[in-house]
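Worksheet: the structure to be examined is printed underneath.
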Amino acid sequence: MSHSILFWGIILFLLATLGVGVYASKQIKGDSVNYLVAGRGLLLPLAAATLMAQSVDSNATLGNTDLVAEFGFWAGASLPLGLALCLFLTALFYAKPLNRMNLITLPDFYRVKYGRITEFVASIVMVLSFSFLLAGNLVAGGYLFQTFLGTSYTAGVLFIALIVFIYTASGGLFAVAYTDAIQVAIAFLGSVLLIGFVATQFGLEIPAETGPMALGQLSNPEEGALINWATLLALGLGDIVAIDFMARVFAADSPETAQRACLIGSLGTVLIGVPFSIVALSASDILTQAGVVADGPLLFAMIRDVVPPVIGLLVIAAILSASLSTADGAILGTSSVIAHNIIGIRHTDHGAGGDRLLALTRTMAVVITLLGIFFALRVPQTGILLLLAFDLGFASLLIPLTGGLFWSKSTSEGALACIIVGAIVRLFFFVMMPTTFGIENTLLYIPNGIFTEDFDGLPTMISPIIGLIVFIVVSKMTYRGLRATDPETAREFQRL
């Protein structure tokens, strides 16, 4: 009986999500601005919900619980807390000026401030990193389908990728926003019911040595402090340059709405993600009391064998919602960057067939979905793919974005050098490290005796520092004052 409830409940949830997404395609009306940034008209409730949904991914739920159960509270809670920090910092410093610029995609900023070459290189880094992000969430969906629907892992990845592709390619950001609003409501309800059930039926046992007050996890490298801080920084700072986040900032109907939506999204991310961390502290004892031996993620074992089917279904829907809401943003954001910023089709380009940017973005959605599937099947691990995606942005893209907004002496040469050097340094550390964020590097590792597991976490901090130094030095060497060839851009950035 419980298996039937879970099986058909998942199927109905997926069909409903697909239906809502396809229905939203009516809002596009053949216009790429409607498709990519929802006509720049998202009101506060919808803007906040879609930012919150984009923040809460499979790593902040499923990966969170496994890390807490194995290593302690801060190992897992750093995921939702890092994402919440990202939205908070975006609200304080970035949301209003970027919304005011009427951008289509985040790489547009790099073109307006630094020129076409910098836009192109920044776009390549974003596409690479978000292919990893998409893959990480397809991995979580593949395992969920394998566990609860009885499919193979490969079939699960392909099925969830197909669903996300159909409603994202048809309805764009309108479809993403509408489905995100539903998904974040389900995620919040599932989180509340899960912690409520555990608290009333088993009690919440929070061991002093692994709970929130075990601050050695943030100060002692032997307790994972370097990795925990690296996670907080990669998500809290690296995710600021996430193309899916910024698409929602651009889509808000005003700079004030963008800022408030980020603040609400930050709070919601904590309220949804941290309860999973709290439950995980008691998960091992609960499974022992129930006589259950976990075969795979602890949370899946609790859903299958401990919690009531209805609550289990809502928790599954919450995890699935987290994967869907991040995967759809990754597909839409990455395909739009390929079409708009790499190939160079602008939203004003119209041919005999209509809006060229709209048509090409939908075509590129096929390409990026296939690339995500490839990575998901090649590296069936969520954490290493998701965190590497944000690490690349932190090392190479955040500093030029911040400098472009707040440092008048930043130059295109400095930005380009920072992006290239930061990305190369971070990828160098990745292929030289046997582990990344405590996870075995099975994607591409070059064995060596220099970089060991004890160095894990430091590449996240070293890479952006090198990028910052390069950015400042090269900008100072090449600064020539306001460019006479681009006075309007110079005045616009002075105003911002």
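List of remarks:
- Boolean, Ile446 is among the hydrophobic types (A, V, I, L, M, F, W, C), in a loop (DSSP other than H, G, I, E, B), at pLDDT 90 or above and open to solvent by 60 Å² or more (accessible area, probe 1.4 Å): yes
- Residues that are open to solvent by 10 Å² or more (accessible area, probe 1.4 Å) and either under 18 Å from Ser123 (Cα atoms) or small (Gly, Ala, Ser) (or both) within region 215-236 comprise Gly216, Ser219, Gly224, listed in sequence order.
- One residue from Gly136, Gly142 being at pLDDT 85 or above and surrounded by 22 or more Cβ atoms within 10 Å (Cβ to Cβ): Gly142
- Residue match in region 204-221 (condition: more than 20 Å from the chain's Cα centre (by Cα), modelled with pLDDT of 90 or more and of a type in the set (Ser, Thr, Tyr)): yes
- Selection of first residues in region 142-165 that are over 22 Å from Leu298 (Cβ atoms) and of second residues that are of a type in the set (D, E, K, R), restricted to Cβ pairs under 9 Å at least 6 apart or on distinct chains, gives the following pairs, ordered by first then second residue: Val164/Asp328; Phe165/Asp328.
- In region 378-404, residue modelled with the lowest pLDDT [restricted to those that are more than 19 Å from the chain's Cα centre (by Cα) and over 17 Å from Asp239 (Cβ atoms)]: Arg378
- Conditions (1) charged (D, E, K, R); (2) in contact with an Asp or Glu (Cβ under 9 Å, 6 or more places away or on another chain); (3) within 26 Å of Asp391 (Cα to Cα); number of the one not met by Glu205: (3)
- Selection of helices (runs of 4 or more DSSP H) fully inside region 20-74 by the criterion of at least 3 residues being open to solvent by 10 Å² or more (accessible area, probe 1.4 Å) and not polar (S, T, N, Q) returns 44-55, 64-71.
- Tally of residues being touching a strand residue (DSSP E or B) at 6+ places or on another chain (Cβ under 7 Å) and among the hydroxyl-bearing types (Ser, Thr, Tyr) across region 17-34: 1
- Asp295 satisfies every condition listed in (1) more than 25 Å from the chain's Cα centre (by Cα); (2) in contact (Cβ under 8 Å) with a residue 40 or more places away in the chain except (2).
- Among residues of region 99-129 being polar (S, T, N, Q), over 19 Å from the mean Cα position of the chain (by Cα) and closer than 24 Å to Cys262 by Cβ, the one that is modelled with the lowest pLDDT is Asn102.
- Output for region 360-377, where each listed residue is over 27 Å from Trp229 (Cβ atoms) and either modelled with pLDDT of 95 or more or within 18 Å of the chain's Cα centre (by Cα) (or both): Ala365, Ile368, Thr369, Leu371, Gly372, Ile373, Ala376
- Set Phe406, Phe437, Phe455: member being over 14 Å from Ile465 (Cα atoms) and open to solvent by 60 Å² or more (accessible area, probe 1.4 Å): Phe406
- Yes/no for Ala365 being open to solvent by less than 20 Å² (accessible area, probe 1.4 Å), of a type in the set (Gly, Ala, Ser) and in contact (Cβ under 8 Å) with a residue 12 or more places away in the chain: yes
- Top-ranked residue of region 1-17 - restricted to ones that are open to solvent by less than 40 Å² (accessible area, probe 1.4 Å) and within 24 Å of the chain's Cα centre (by Cα), ranked as nearest to Gly171 (Cα to Cα): Thr17
- Filter result (open to solvent by 10 Å² or more (accessible area, probe 1.4 Å) and touching a helix residue (DSSP H, G or I) at 6+ places or on another chain (Cβ under 7 Å)) within region 106-123: Arg111, Val112, Lys113, Tyr114, Gly115, Ile117, Phe120, Val121
- Single condition Ile182 does not satisfy, out of (1) open to solvent by 40 Å² or more (accessible area, probe 1.4 Å); (2) hydrophobic (A, V, I, L, M, F, W, C); (3) more than 19 Å from Leu83 (Cα to Cα); (4) touching a Phe, Trp or Tyr at 6+ places or on another chain (Cβ under 7 Å): (4)
- Here Thr200 qualifies as without any contact (Cβ under 8 Å) to a residue 12 or more places away in the chain, surrounded by fewer than 22 Cβ atoms within 10 Å (Cβ to Cβ) and more than 20 Å from Asp108 (Cβ to Cβ).
- Residue match in region 89-105 (condition: in a helix (DSSP H, G or I), aliphatic (A, V, I, L, M) and open to solvent by 10 Å² or more (accessible area, probe 1.4 Å)): yes
- Failed condition for Ile469, given (1) under 22 Å from the mean Cα position of the chain (by Cα); (2) open to solvent by 50 Å² or more (accessible area, probe 1.4 Å): (1)
The values are calculated or read from the model by the stated rules, or taken from the named source; none is laboratory data. For clarity, every value in this text was computed on a predicted model and none was experimentally measured. Note that each Cβ is placed from the backbone with ideal geometry, even for glycine, and that neighbours are counted across all protein chains shown. Note: accessible area is taken over every heavy atom of the protein model, side chains too, but ligands, DNA and RNA are not part of it. Shrake-Rupley method; radii C 1.70, N 1.55, O 1.52, S 1.80 Å.
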